[in-house]
Every structure is written in structure tokens, then in C-alpha cells.
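Asks: One structure follows; several queries about it will come next.
The values are calculated or read from the model by the stated rules, or taken from the named source; none is laboratory data. A quick note: this is a predicted structure, and the numbers were derived from the prediction, not measured. No Cβ is skipped: glycine too gets one built from the backbone with ideal geometry, and neighbour counts run over all protein chains shown. Surface accessibility is based on the protein's heavy atoms, side chains included, excluding ligands, DNA and RNA. Shrake-Rupley method; radii C 1.70, N 1.55, O 1.52, S 1.80 Å.
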Amino acid sequence: MIISSKDCETLRSLAARYMEYALSDKNTEKRNLWYALNNMHMQKPMITIDQMPWHELDVDGFLVCTVEEPYFRGIEWMLRTEIYKWEHLPADMVLNPYILLPRPVSNTGFGMTTRRLDHDAGSSILCHLFEDQFEEIEDAAKIQTPVLTMQPDREEEILTAAHAVFDGIAPVQWSGIMLHSGLWDQITFWKGVENCYIDLLDRPELIHAILDRYTNAFISQIEQINRLGIYDINSNLCHCSHTFSDRLPAAGCNPDHPTTYDGWTFSMAQLFSSVSPAINEEFEVPYMTKIFSYFGSVYYGCCERLDDRLDIIDRMPNIRKISCSPWSDREHFAAVLPKKYIMSNKPNPSYLADFTFDEEVVRKDLRRTIAAAKAHGLGLELLLKDISTVRNDPARLWRWSAIAEEETMNAVL
């Protein structure tokens, strides 16, 4: 791993700028506010902004990476994007006071590939039709158990280079593995959405066979991660939400050997927005109950509607935050959400994509959500994500951040 003096200078300069913000009083204040929310003593609704159209956001060339070494080019991108967010749209983001290094771990995967049908290589593909690879119950055996292997030589190489670059400016930490535990998101790529819906009705025994096989393979992956002690406890993020709390990492956690019991996972069954609560209960709850028992905390939900089945979600263990997407009725969601959960609202990103950016519409939307949570004494976070476009006008996102800060600071819950 060779890092030129020029690239080293670039990385050190970015790291120094990053650490100035990470060690600031403002950053400490924001971190403490997240602790308050996650410990169920919210002082204000909290905000993050993530999953952005970065190709539309550069205004002065700052987001252009120049580091040549591939691994550290990724570190450069992380530093540039975090600095950009802090300077232009900070909301309630928190910067960790160290540089996160993605840990090199090989994973053989589940033995499945995604097969797309009707793919026209000469066009811009806006949607996909996926091939169903599970035509018979026996096909469930196609799902293999992953094998994870650490790479100590690669780790040593990365750490040596990282210390050479960042020593005297910033400490470094491994980011570890963070698991996406939403099995249905992956199954839809292996079967196709329409085929999943049809087989849920016509061949439920096939769906159960797939879920049984996949769940067992997934748990094996979890157990391997725990034996290796490589789960993530250092990013302090899960599905765009900050996870600072007194509960995790768990008491007695070995920071050099963290397990899933010390950290968070996120999960969802977005496909189930179009099925009945009864189907949701039969084909999600038993399997996720097994998986969630391995984690310290769970963030549940994404873009699916959940306000009509929160009683079912409540039957799964270790959930701490539940997503209230734009497709949920937020007033009903707040009314029926048990107070042991944090209401994790997803403001509608489409307001950033309209022909004009209407600040009053944004304020009205935020106030409606805050009022719903306030009426029922709920902890609330606002996670703006899945932002496909700002119509090449980055200032829209900057203004959204400022408006959200104003509205949440004015909210007394």
C-alpha cells in the first residue's frame, strides 16, 4: 500500500479540518442530545440527513477526490462528505472523534446471484424485472451458509498506513460489520416482487421453506461475526440514525471483540406494504424474532407503511426505533405507538424535487409531525433520506436543514 506524499498531505489536511469539528463544543452538545433521545429523555426532536444525490451537491470542487490509493480514496470521500454536511447541512449530525477504517473481511455470501430479465444494455434502466430462482421447494437449498474470514495481513497493512498518515492529527478505529437484517429486501431480488406476492398466496409452504433456510444461514453468519468479534460499535449510526445511548455497547463489552449483542441492526419488510397484517405476522414475525434476539437493539422499518400493524411489530424483540414513513398516517402512528419506542419519522424528500422549493410546505410538514409526537408524549427523530434529486440546487437541502433545526429547537415536547 503506497500513499504518495501529496495524497498524505491531502488526507492530513482533511483529517485536521474534520477533527476541529469533531472536537468542538457544538459536536459535544449534539451528541448529548442524542443520548437524551435514545435514553428516552428527549430534550428536542433530533434530525439527520443522509442518502443524498452527491452528484448534484458539489459547488466548489470540494467533493472531487484526488487520492490515488483505492482504500484511502474511500477514506478521503468519507472525510469530504462529512465535512461538507457539517458546513452546509449539519442538522443534528455528530462526528466521531476518530477516523473510521472499514474492516477487511471476506464473505462468501449466500450463494445466490441477482438475475435481471429484459435488460437492455443500451438504455437507461429505471426498473427491473427479476428472475424467480425458487420454482420448487427444493430450490430453497440454493441458499448457502456464508463463510467469513478475517484478513490479518491486510488489516496490518491498513493500520500501518493509517497511523503513518493520521498520527498526531486523529486516532483511528475499525468500523466493523453492520448487518442489514431485512431478509425480504434480498428475497425480492432473488424471486421478483410479483412472484413473492403470488407465492405468498398460492404456495406459502415454498415461502416458509425459503425463510427457514435463509434465517438459519443468516444466524450462522451472525454467530461467525460474534466468534470473530468484528461487529460495529464505532460508527454510532444505524440506518441513518445516531445510536448513542447508555444501553450500548452492553456492560462488559470487550471493545476489541464486539459482538452483535453490543450493537444495532436494522430490518424491514418493505414488500409487506401491500399485504395484510396477518401475512405480515405469519411471514415476518417468527423469523425476525429469532434473528433480533442476537442484537442489543433493532431499528425497524423503512419506506413501508406500519401504522396499521404496530401491534404486530411490537411482538418482535429488542426493537427501539420504528420508522414512520410518508406512507404511514403519522397521527395514527403516534397514537398507537407504544411509548417504549422512538418514533423515527421520514420527512417526504419529494419536497426537494418539485419545480420550486416551498419552504412553507416544509415547515408545515415538520410541524405536523412534531405536533403528532407531542400529543402522545413520544420521543421523535426526523431522518431525511432517500433524496433522489434537489434539481441541481444544493441550497434547497441546506435550507431544509436550517428550517428543520429552527422547528425542532422551537418544539417543546
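Asks: Based on a Kirkwood Rh over C-alpha pairs, give the Stokes-Einstein translational diffusion coefficient of region 300-404 at 20 °C and viscosity 1.002 mPa s in µm²/s.
Replies: Result for D is 149 µm²/s.
Asks: With labels modelled as points extended 7 Å from the Cα through the Cβ direction, what inter-label distance (nm, one decimal) is found for ASP308 paired with THR108?
Replies: Once both label points are built, they end up 4.3 nm from each other.
Asks: Also: Where the centroid of each part is defined by its Cα atoms, how far is region 93-113 from region 19-69 in Å?
Replies: If we compute the Cα centre of each part, the gap is 19 Å.
Asks: Please name whichever of SER344, ALA278, PHE292 sits farthest to the positive end of the charge dipole of region 276-367, dipole taken about the Cα centre and charges placed at Cβ: Lys and Arg +1, Asp and Glu -1.
Replies: Comparing the listed Cα positions along the dipole, PHE292 ranks first.
Asks: Restricting to Cα pairs below 8 Å that are 6+ residues apart, what does the relative contact order work out to for the chain? Please round to a whole percent.
Replies: Normalised by residue count, the contact order of the chain is 21 percent.
Asks: What percent antiparallel are the DSSP beta bridges of the chain, to the nearest 5? Spell out each step's value before the answer.
Replies: Working: 7 of 30 bridges.
About 25 percent, rounded to the nearest 5.
Asks: Measuring with a 1.4 Å probe in the full set of protein chains, what accessible area per residue, in whole Å², belongs to region 148-231?
Replies: 42
Asks: Let me ask something else. Of the labelled options [x] 22.3, 72; [y] 23.0, 80; [z] 22.0, 63, which one gives Rg and Dmax of the Cα atoms in Å as computed for this structure?
Replies: Answer label, from the structure shown: [z].
Asks: Which order do the peptides 131-138, 285-292 take when ranked by the mean count of other beta-carbon atoms within 10 Å per residue, highest first?
Replies: Listed from highest to lowest mean packing, they are 285-292, 131-138.
Asks: If r is the Cβ-Cβ distance from SER13 to THR356 and R0 is 60 Å, what FRET efficiency results, to the nearest 0.05?
Replies: E(calc), rounded to 0.05, equals 0.95.
Asks: I would also like to ask the following. Can you compute the FRET efficiency between GLU87 and GLU136 using 1/(1 + (r/R0)^6), with r the Cβ-Cβ distance and R0 = 35 Å? Round to the nearest 0.05. Please report the intermediate quantities before stating the final value.
Replies: On the way: r = 55 Å, r/R0 = 1.59.
Efficiency at R0 = 35 Å is approximately 0.05.
Asks: Also, I was wondering about something else. Based on alpha-carbon centroids, what's the gap between region 299-359 and region 220-270 in Å, whole number please?
Replies: Using only Cα atoms, the two centres lie 23 Å from each other.
Asks: Please list THR10, THR408 in order of solvent-accessible area, largest first, computed with a 1.4 Å probe with all protein chains present.
Replies: The ranking, largest first, comes out as THR10, THR408.
Asks: Given Cβ point charges of +1 (Lys, Arg) and -1 (Asp, Glu) and nothing else, what value in debye, to the nearest 20, does the dipole of region 226-343 about its Cα centre take?
Replies: Roughly 220 debye for region 226-343.
Asks: Follow-up question, since we're still on this one. Under a Cβ-only charge scheme (Lys and Arg +1, Asp and Glu -1), can you give me the dipole magnitude of region 223-294 about the Cα centre, in debye to the nearest 20?
Replies: 60
Asks: Rolling a 1.4 angstrom probe over the protein heavy atoms, how many square angstrom per residue are accessible across region 274-401?
Replies: With the other protein chains kept in place, region 274-401 gives 39 Å² per residue.
Asks: How high is the relative contact order of region 343-391? Use alpha-carbon pairs under 8 Å, at least six apart in sequence, and give a whole percent. Before the final figure, lay out the partial values.
Replies: Numbers: 48 pairs, mean separation 31.5, N = 49.
So the answer I get is 64 percent.
Asks: Select from region 304-400 those trypsin sites (Lys or Arg not before Pro) which occupy a DSSP coil region and have at most 12 other Cβ atoms within 10 Å, ordered by residue number.
Replies: Filter output for region 304-400: LYS339, LYS340.
Asks: So what is the calculated 222 nm ellipticity per residue for the chain, using -39500 (n - 2.57) for each DSSP H run with n of 4 or more, over all residues, to the nearest 500 deg cm²/dmol?
Replies: Counting only the DSSP helices, I get -13000 deg cm²/dmol.
Asks: Moving to a separate point now. Identify all aspartates and glutamates with a Cα-Cα distance to LYS26 below 20 Å; exclude those on the same chain that are fewer than 8 residues away in sequence.
Replies: ASP50, GLU82, GLU87, ASP92, GLU381, GLU405, GLU406, GLU407
Asks: When ranked by the protection proxy of mean other Cβ atoms within 10 Å per residue, highest first, what sequence do the peptides 62-70, 76-84 form?
Replies: Packing order, densest peptide first, comes out as 76-84, 62-70.
Asks: A further question follows. With a 1.4 Å probe and all protein chains left in place, how much of the accessible area of the chain comes from carbon and sulfur atoms, in whole percent?
Replies: Accessible surface attributable to carbon and sulfur in the chain totals 51 percent.
Asks: Under a point spin-label approximation (7 Å from Cα along Cα-to-Cβ), what is the GLU405-GLU68 distance to one decimal in nm?
Replies: 3.9
Asks: Okay, next question. Multiply the residue gap between VAL285 and ASP393 by 0.36 nm, knock off their C-alpha separation, and tell me the result in nm, one decimal place.
Replies: 34.7 nm
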